[in-house]
1. Anything over 31 Å Cα to Cα? Flag those among 336/549; 290/388; 316/549; 253/388; 239/316, in the order listed.
2. Residues in the range 315-343, backbone N under 19 Å from the label point at residue 287 (7 Å along the Cα-to-beta-carbon vector): list them, ranges by number please.
3. Could you order the peptides 545-556, 53-64, 10-21 from most to least packed, using the average number of other C-beta atoms within 10 Å per residue?
4. Hey, what do the phi angles of the range 218-223 turn into as Karplus ³J(HN,Hα) couplings, whole Hz, using 6.51/-1.76/1.60 and θ = phi - 60°, x for Gly and Pro?
5. Report the one residue of 329, 296, 307 whose Cα lies farthest in the direction of the positive end of the charge dipole of the range 290-329 (charges on C-beta: Lys and Arg +1, Asp and Glu -1; origin at the Cα centre).
6. Between rounded, prolate and oblate, where does the range 66-187 land on the alpha carbon gyration tensor, with a ≥ b ≥ c its root eigenvalues, rounded for a/c under 1.5, else prolate if a/b exceeds b/c?
7. Contour minus end-to-end for residue 78 and residue 389, with contour as 0.36 nm per residue of separation and end-to-end as the Cα-Cα distance?
8. Report the calculated FRET efficiency for residue 46 and residue 183 (r = Cβ-Cβ distance, R0 = 41 Å), to the nearest 0.05.
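Just so you know, all these numbers are worked out from the coordinates, no wet-lab data involved. Note that the structure is a prediction, hence the values are computed from the model and not measured. Cβ: placed from backbone, ideal geometry, glycine included. Neighbour counts: every protein chain shown.
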Amino acid sequence: MVNTQITQMSESRRELNAVYEVSKTLATSLDVGKTFREALNYLVQAFDWRRAFVVIAEGEGRLRGLCAVGLTREEQQRLQFESGEGIVGRVYANGIQVMVPNVHVEPLFLNRTGGADQSPGAGVAMLVTPIRADRRTVGVLAIDCLNPGERRGFSGDLQLLKMVATLMGQALLLNRSVSAAHDSLQDEVRRMHKVLKPSKQIEQVVGISAPMQDVFEQVHQVAPARTTVLLRGESGTGKEVIARAIHNLSPRKRDAFVCVNCAALTESLLESELFGHEKGAFTGAQAQRKGRFEMAHGGTLFLDEIGDISAAFQAKLLRVLQEREFERVGGSAPVKVDVRLILATNRNLETMVQAGEFRADLYYRINVVSIQLPPLRERREDIPAMAKHFLERFNRENMRAIQFSPAAMRVLSSCYWPGNVRELENCVERTATMAHDNVITDLAFPCQSNRCLTQVLHHNERIDAVRPVRLVDIPITEVPMAPPHSGAGGGGGDAGMPPFADSRSDPAAFDDGMDEPGDAISRSDDGKPEGERERLVWAMERCGWVQAKAARLLKISPRQMGYALQKHEIEVRKF
């Protein structure tokens, strides 16, 4: 009696130690395959079991082996069951613990891993326990051991396996929760990477909007190359700042960055400014002078307002772009340079090419990589940050501590900004200068009291864009005629037009031989046709049916000219 009690106490202590060791092992890592294997290895050694394995459920009622002890790698690969298949499948499907005294006489035993063949003359018992978590079966724990004569009792082993299976179920539940949270976090990170592209900021440029991020990405992409870049965009969008950013991100950043505003110089001055001149090339040229191309050798040359250069200078610039060499004004020796060109314009070069105002070959030469800078109204999310940037700079330069109120920031964010970044900068500086307090309110802006000149200018431009054209009210500028020996026939480019003739002193100068005294077109006393349609046809014929030239002749814009031609259904002749 006493010996039996001692034996039971010893068994209980051994089972308690086993549960403690298993729980401690399972808590060491979230890798259930590793911890389950270590726990099974301890149990097999401590309780004289022969083999043990764990299978877990996958989709569609399939079970696959997670870990095993006492099985070879090939035998472990065969640990695959369907729900309800064999002893393991039945336990998973029913969720009930099973003890088989001898697998040799059990018809449901599949012997998939060859366990019965290892001891053909001895009885082999098999104990199978479901692993449950969150009120459902997630796997199966199975062990087998020798059972000679089927005399061994397994009540204690079954109780121990039930506790171990409970611990394993909690470990599996924790592992799946952590894995699900990790997968969810990874999915969120991938989604955010798709929504928010990696921000590539540029020094001195404020821009968090999607259009500016696209510009920044293009700048970073094109900067390392030597490729010619054409910056497009409205006036005031920051083309020079982007050009400097391209230079600073390029391998040429240690060399010079030279800027030239082509619209600020005449053709002769622009040629001397870009190419330089020799001593005595013209009056005042007392010494040889290097041009901007030579000054930018090894670096970057930025030509702003490239759409405003004359036709004659376009040909000279084209040669430099093709040959990478030029001649100084008054010189004959070619000068070779290594210069990267960045050009900018706010004009529509494609329309200018069609109108014959810009050389097509030069257009194709400079339009290698084109970057379109968005206007400020298309990236309003950048306005608050830009306004704060300009205000902080004003505070540093003027020793002030001014801030914007929320209402003032709403006013800035809602403006149209036809002048773009330059206008925003001027507005912030003007308002900060005139501010009496350290907080700028919405009432501090001139637009709130109808004193914004830019607003008035933009309003007038919109009226002019939609106002109908009355050509009878527009004075006709006298048209130059080519001398008889020129062979120009009264046509040609802008640079080749002969001097103006005065119709009042020589009315015949405007007679091109197309209208005889008996023609149906009525003319005024000075020989000019009367009526809108007649004046349109007269101007187009004088200018070789080039709309841009005819518009300049009538002192109207090309847009107004096109509107008038469409209004009177005048078909433009093609030559």
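1. Violating the 31 Å limit, Cα to Cα: 336/549; 290/388.
2. 328-331
3. So the order, starting with the most tightly packed, is 545-556, 53-64, 10-21.
4. Values, residue by residue: 5, 5, 5, 6, 8, 4 Hz.
5. After comparing all options, I get 329.
6. Cα axes put the range 66-187 in the prolate bin.
7. Difference between extended and current length: 105.1 nm.
8. 0.65
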